[in-house]
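Student: Dropping a structure here in structure tokens format, bear with me for questions.
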Amino acid sequence: MKTRTLGHSNFEVSALSIGAMGYGTLKDRSGLVDVLRAAIDRGITLIDTAEVYGPWVNEEIVGEAISGRHDEIKIATKFGWNVDQTSGVHLGGVNSHPEQIRSAVEGSLRRLGIDCIDLLYQHRVDPDVPMEDVAGTVKDLIAEGKAIHFGLSEAGADSIRRAHAVLPVTALQSEYSLWTREPENEILPLLEELGIGLIPFSPLGKGFLTGKVTPSMQFEVTDIRSRAPRFTEQAQVQNMVLVNGIKDIGQRLGATPAQIALAWLLEKRPFIVPLFGTRAVSRLEENLGAVDVLLSPEDFNEIDNLSQDFKIEGARYPDDIMAFSGL
Ligand SMILES: NC(=O)c1ccc[n+]([C@@H]2O[C@H](COP(=O)([O-])OP(=O)(O)OC[C@H]3O[C@@H](n4cnc5c(N)ncnc54)[C@H](OP(=O)(O)O)[C@@H]3O)[C@@H](O)[C@H]2O)c1
């Protein structure tokens, strides 16, 4: 597996990383454990989770998958949504007060079964807590040996600068893909300037860019796509035109749409490590094939222009979630 270094840090990981979150109700816990173990077996060295996934359950599953193998894999997790620290219920909104961060980190370490988190993110910026306090708390946790690297998720330029001034930020995790290109305006140049790596989540557009999601598909209520404007039947019909264009280019290059979507991100900048999700080993293997899809400058430009010129229908998240994005 090819590797990449996140910005100016010394954090080297596989060129592709895997997330454990998934969509809808998890029906096969041991299946997810198997997929994560298969990912490690095939050379992935960064697994992503978060306190709020589940909440808590997802970290436990990751803990099971990596049991006895932390020397082979780096673990990223996140604090910052307002999860009640006694019941594990997400009470809504965000919470990055220092005592909440500390409690969440203790819980994450316990559930993951590790004594140090390799990459600790703030999941969303908390407007009620100065970024200096958040970075300062993570700095203390790093000094105590509970974490190694600091990351932010969906943070805006000002938040990134303020955090980085207190504690170097190793990676920003934000949505970025062929149908979500907002980070290119301000964020990508800033990350380049400060030497921060980018971990694009939902690089396959929550599945849509693979061509396997179709407008007639019904999502469970627990699946965020059931209420994301981009996934209404009408929006999907319009957005499918982009996917068909990606499919055509892929067919010419002998690659699947998922591989094209990932290869385009890998080609975009050397400090980008796409973060895909899957609950199937066959899809894991397909996605890993993206590192071997070499795009010529002409191929890259064709894909880049196709997506740039396309007007996407619908917001990527419902309003209540978009409200916390700094992008
Ligand atoms: N920081 C944040 O706020 C944030 C937000 C969202 C996600 N994340 C992280 O990013 C990770 C990835 O996000 P994501 O799940 O939205 O990524 P994604 O890779 O864009 O989408 C995953 C979806 O695509 C499907 N899929 C994956 N590979 C496929 C393939 N080759 N062919 C057809 N379908 C395929 C998966 O289905 P199957 O599972 O059925 O294979 C799943 O429904 C998450 O696990 C989480 O760790 C972070």
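Student: Anything in the stretch 256-267 that is among the aromatic types (Phe, Trp, Tyr) and either open to solvent by 30 Å² or more (accessible area, probe 1.4 Å) or over 22 Å from the mean Cα position of the chain (by Cα) (or both)? List them, or say none.
Tutor: Across the stretch 256-267, there are no qualifying residues.
Student: If we keep just the residues of the stretch 268-327 that are surrounded by 14 or more Cβ atoms within 10 Å (Cβ to Cβ) and polar (S, T, N, Q), which is nearest to the ligand (Cβ to nearest atom)?
Tutor: Step by step, filter the stretch 268-327, then rank; the result is Thr278.
Student: Continuing with the same structure: Quick one: is Pro168 modelled with pLDDT of 95 or more, in contact with a Phe, Trp or Tyr (Cβ under 8 Å, 6 or more places away or on another chain) and part of a loop (DSSP other than H, G, I, E, B)?
Tutor: yes
Student: Applying the selection to the stretch 219-255, what residues are away from the ligand (no atom under 14 Å from the Cβ), open to solvent by 30 Å² or more (accessible area, probe 1.4 Å) and either not in a helix (DSSP H, G or I) or not hydrophobic (A, V, I, L, M, F, W, C) (or both)?
Tutor: Matches in the stretch 219-255: Val221, Arg227, Pro229, Thr232, Glu233, Gln234, Gln238, Asn244, Asp248, Gln251, Arg252, Gly254.
Student: Among (1) within 14 Å of the ligand (Cβ to nearest atom); (2) under 21 Å from Ile148 (Cα atoms); (3) surrounded by fewer than 15 Cβ atoms within 10 Å (Cβ to Cβ), where does Ala50 come up short?
Tutor: (3)
Student: Of the residues in the stretch 120-137, how many are within 16 Å of the ligand (Cβ to nearest atom), of a type outside the set (Asp, Glu) and not in a strand (DSSP E or B)? Before the answer, list the steps.
Tutor: Going through the stretch 120-137, the residues within 16 Å of the ligand (Cβ to nearest atom) turn out to be 120-126, 134.
Subsequent filtering for residues that are of a type outside the set (Asp, Glu) retains 120-125, 134.
Restricting the remaining residues to those that are not in a strand (DSSP E or B) gives 123-125, 134.
Counting residues in the stretch 120-137 that are within 16 Å of the ligand (Cβ to nearest atom), of a type outside the set (Asp, Glu) and not in a strand (DSSP E or B) gives 4.
Student: In addition: Could you please give the count of residues in the stretch 1-44 that are of a type outside the set (A, V, I, L, M, F, W, C) and in a strand (DSSP E or B)?
Tutor: Residues flagged as of a type outside the set (A, V, I, L, M, F, W, C) and in a strand (DSSP E or B) within the stretch 1-44 amount to 7.
Student: Is one or more of the residues making up the stretch 141-154 of a type in the set (Gly, Ala, Ser), surrounded by fewer than 16 Cβ atoms within 10 Å (Cβ to Cβ) and touching a residue at least 12 places away in the same chain (Cβ under 8 Å)? Give the steps one after another, and end with the answer.
Tutor: Initially, the stretch 141-154 is screened for residues of a type in the set (Gly, Ala, Ser), giving 143, 145, 147, 151, 153.
Filter again for surrounded by fewer than 16 Cβ atoms within 10 Å (Cβ to Cβ), leaving 143, 145.
Right, trim to touching a residue at least 12 places away in the same chain (Cβ under 8 Å) and you get 145.
Yes, the stretch 141-154 has at least one match.
Student: Looking at (1) at pLDDT 95 or above; (2) open to solvent by 10 Å² or more (accessible area, probe 1.4 Å); (3) more than 20 Å from the chain's Cα centre (by Cα), which one does Gly107 not meet, given that it meets all the others?
Tutor: (2)
The values are calculated or read from the model by the stated rules, or taken from the named source; none is laboratory data. Computed from a prediction, not measured in an experiment: that's the story for all the values here. Methodologically, a virtual Cβ is constructed for each residue, glycine included, from the backbone with ideal geometry; neighbour enumeration extends over all protein chains shown. When the accessible area is computed, the model is the full protein with side chains, heavy atoms only, and any ligands, DNA or RNA have been set aside. Shrake-Rupley method; radii C 1.70, N 1.55, O 1.52, S 1.80 Å.
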